[in-house]
Amino acid sequence: SCPCYIVLHLHSMCGRAAYSTASFSSAASALRCSDSSPPSAAAASTNKDDVASSSASSSDTTINNVNMSPGTSAKIFIYNHTFNSVCSTPMVWGLLPNNGTPQSPHLLPSDDKFTPSPHYIMFNARSETVDAKKSFHSLLRDGQSCIFAVDGYYEWTKSLSPIDKKKQPYFVKSSSSDTLLLAGLWSRVKTGRRNNNNQEETISTFTILTTEAHPALAWLHPRQPCLLNGSTVAREWLQSPSRALVDKIRSLSSGQQQQQNDIKNEDPWECYPVTKKMNDEKYHGNDCTVAVKSKGRKLESYFTTSPSPGKRKKIEVKEDYSESTSQQDFEEKNVVTKCSQKDESNASLLTETMNNEWSCHVCTFLHTKSKSQFLACEMCGSQRECTQDIA
């Protein structure tokens, strides 16, 4: 069984994403968006009737935000039924379903006292129950669906290392495309304030739908965003969102439909560890999405104890032992069991290759030196395959 991983932000998933002009422009082209200009306006509006319009503000939507988190702004794709076309509008990540009040107004990112805390409450929503929750039901019913186009998103695993206890971030992206189209819902509410022209101020916010993780990502986190595979289903989601369509998208995203139809395709996801500087929400270095060699330490990945260098006992393969020797005694003597229980030949193969470097076939973590003796991946716990050994 896979180990339990703890992710930032109250065990929710997808609390960070890499958002760029490239992903926005690619999505705008695929969706035939009528407004394909790069993001440049804040997620605030004083025009009550025009959803796509927004007033300029002192804080512009950030372009090329490689470490975007709830409370920050991005241009989101929606469908304008008045003009029958896809358009984009600035929104803040993290849904605010209700109007603010003069006593407790919603603040805009451009406000000096703005805090992202309220936006962490609903920055994603479970697709399985989206039509049963009061905050989301009316949005789905009223067709307030949206798409968030990103380069990829981040997840964290809890480190079990006694030396470095920082959580290990991973970057998840498509294995076949440079852009992920994430399904979401959006809301536009009053902030509770009025502008200089005495007009009611509004704020547009959105949330990302999530579903069960695809088998390729289940080791990292049990949940993932609902991915829109292709422009056809993406435009359908914008134009005619429904409970049935949510189920279809959820099934496609998690790989359930492929499993039911016994379809064997390559994993649609690419996932790799990135710098732990990403643990800081304010970090925006050029290396945010660059793969690194992870240095975790998971006790369950050890097939035997690891004594200090110079004191490590010679490990032998015991091919035959008497019936009086219990399985527990056999394990306590640190004798390596067979790599596979199918035949005895694997035991000798393990002896020859146990000191070779090997890379995990799931998370690509490279095991070197003393770690080359592990029979399971130190990072994700996947079983070692002898064919992965590096000569």
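General observations
- Converting phi to 3J(HN,Hα) with the Karplus coefficients 6.51, -1.76 and 1.60 and the offset θ = phi - 60°, the range 86-92 yields 7, 9, 10, 9, x, 9, 9 Hz in sequence order, with x at every glycine or proline.
- Looking at the range 106-216, the accessible area is 44 square angstrom per residue; that uses a 1.4 Å probe and ignores ligands, DNA and RNA.
- Pairs exceeding 18 Å between alpha-carbon atoms, taken from Lys293/Lys369; Lys158/Lys282; Lys75/Lys173; Lys158/Lys277; Lys167/Lys277: Lys158/Lys282; Lys75/Lys173.
- Residue separation of Asp280 and Thr368 scaled by 0.36 nm, minus their Cα-Cα distance, works out to 28.8 nm of gained length.
- Ranked by the mean number of other Cβ atoms within 10 Å per residue, highest first, peptides 195-202, 125-132, 87-94 order as 87-94, 125-132, 195-202.
- By average C-beta atoms within 10 angstrom, highest first, the peptides 97-107, 168-178: 168-178, 97-107
- Each peptide in 180-192, 235-247 receives the mean, over its residues, of other Cβ atoms within 10 Å, and ordering these scores from highest gives 180-192, 235-247.
- Under 5 Å, built H, 5+ apart or other chain: amide partners of Met122: Leu95
- Nonlocal amide H pairs with Val274, under 5 Å, H built at 1.01 Å: Tyr170, Phe171, Val292
The values are calculated or read from the model by the stated rules, or taken from the named source; none is laboratory data. Keep in mind the model is a prediction, meaning the values are calculated, not measured. All Cβ positions, even for glycine, are placed from backbone atoms using ideal geometry, and neighbour counts span all protein chains on display. Heads up: the accessible areas ignore ligands, DNA and RNA and are worked out on the full protein's heavy atoms, side chains in. Shrake-Rupley method; radii C 1.70, N 1.55, O 1.52, S 1.80 Å.
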